[in-house]
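A.B. asks: If you scroll down you'll find the structure; I have some questions about it.
Read-outs: derived from the displayed coordinates by stated rules, not from any lab. Small disclaimer: the values here were computed from a predicted structure and weren't measured. A quick note on method: Cβ atoms are made from the backbone with ideal geometry, for glycine too, and the neighbour counts reach across all protein chains shown.
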Amino acid sequence: MNGNKSRSTEVGFQAPEQARVAWEPQQRPGADLEQAVQMREASGLSGESLLQHMAQSPVQLKEGDALAPVQMEEEGAENLPQEPSPAVRVRNRISDPPYGWTSTYDAQVTDSDVRINVKVKLLPQAGVTEEDIANVDRRATAAFINKFDNQFVFSDGQHEFPVRVNVQFVETGEHLSVRIHAGNRRSNLSNWALEAPDETYAHELGHQLGLLDEYVDAGATNRADASGAGVHTDHSIMGNYHAEGRRAAAVRQRHGETIASHVGSATGHEFTVRPRR
Ligand SMILES: [Zn+2]
């Protein structure tokens, strides 16, 4: 739940970040191949030495370029070394007035799937033990994977990519910091209660993937009552699963489309989405 208004100001509203995502050479296959050919011709480098060289000279793109659809180079692609694309940072400003937050995670498009990884640092608050933290780690991982992993298949028109998700609890390099509170208080993206149900951890990590709350909230412009455009009562993991049933709570097509749009923009793909089943 992201229902605490004071928390939303705590994160601080920032300018849209999408266009400032750093691009690395392999993230834009067309430019990558063009550059590889030019460099190979110019330098005579090949194989590993070529890749090392490329890693030191990233392609610089203008801001607007990040928004343009990117087409795969077809001709000659099979003659060049096929390296898996690196993981890309996906970062978007999410708005559900008056709430707002930044969604950040890593995504990698491989030959066979799309891999999403969220790195979270847990910050124990008063009365929270190491064992409690290990417990949250275990429960949140299981719940997130249960609700989000392998639920969607992305397609770029040529290939299909099952969408795999994972959460990694880290000490450094986190995408999200979460304060862990003893007892049972209301949780939100960056404050989790020890006694919250497992599904709440999955729900909060859903926000980190850029998904909005979908339950009635008198303070939210689009969800002020049951007729609000942002309200959904279809057993959504982002909705009122406390009332509708935690076990039945699931991701929906609209969630897959949000994730596909964000991952696609960051990796230079135009994805369509279907449910896995
Ligand atoms: Zn929420």
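A.B. asks: Could you let me know the centre-to-centre spacing of the range 242-277 and the range 176-193, using Cα atoms, in angstrom?
C.D. replies: 24 Å
A.B. asks: Work out from phi, with θ = phi - 60° and the Karplus expression 6.51 cos²θ - 1.76 cosθ + 1.60, the ³J(HN,Hα) of each residue of the range 259-265, listed in order in whole Hz, and give x for Gly and Pro.
C.D. replies: 5, 4, 5, 5, 5, x, 4
A.B. asks: Quick one: grab the alpha carbon gyration tensor of the range 86-275, order the square roots of its eigenvalues as a ≥ b ≥ c, and give me rounded if a/c is under 1.5, else prolate or oblate depending on whether a/b is larger than b/c. List each step's numbers first, then the result.
C.D. replies: Details: a/c = 1.73, a/b = 1.20, b/c = 1.44.
Oblate.
A.B. asks: Can you list the HN-Hα couplings for the range 227-232, worked out from phi with the Karplus curve (6.51, -1.76, 1.60; θ = phi - 60°), rounded to whole Hz and with x for Gly and Pro?
C.D. replies: 8, x, 4, x, 8, 10
A.B. asks: While we're here: Suppose R0 equals 30 Å; then what is the FRET efficiency for D234 and R185 from their Cβ-Cβ distance, rounded to the nearest 0.05?
C.D. replies: Calculated transfer efficiency: 0.60.
A.B. asks: May I pose another question? Restrict the search to the range 218-247; then list the trypsin sites (Lys or Arg not before Pro) that DSSP places in a loop and that have at most 15 other Cβ atoms within 10 Å of their Cβ.
C.D. replies: Values: sites: R223, R246, R247; in loops: R246, R247.
Listed in order of number, the matching sites are R247.
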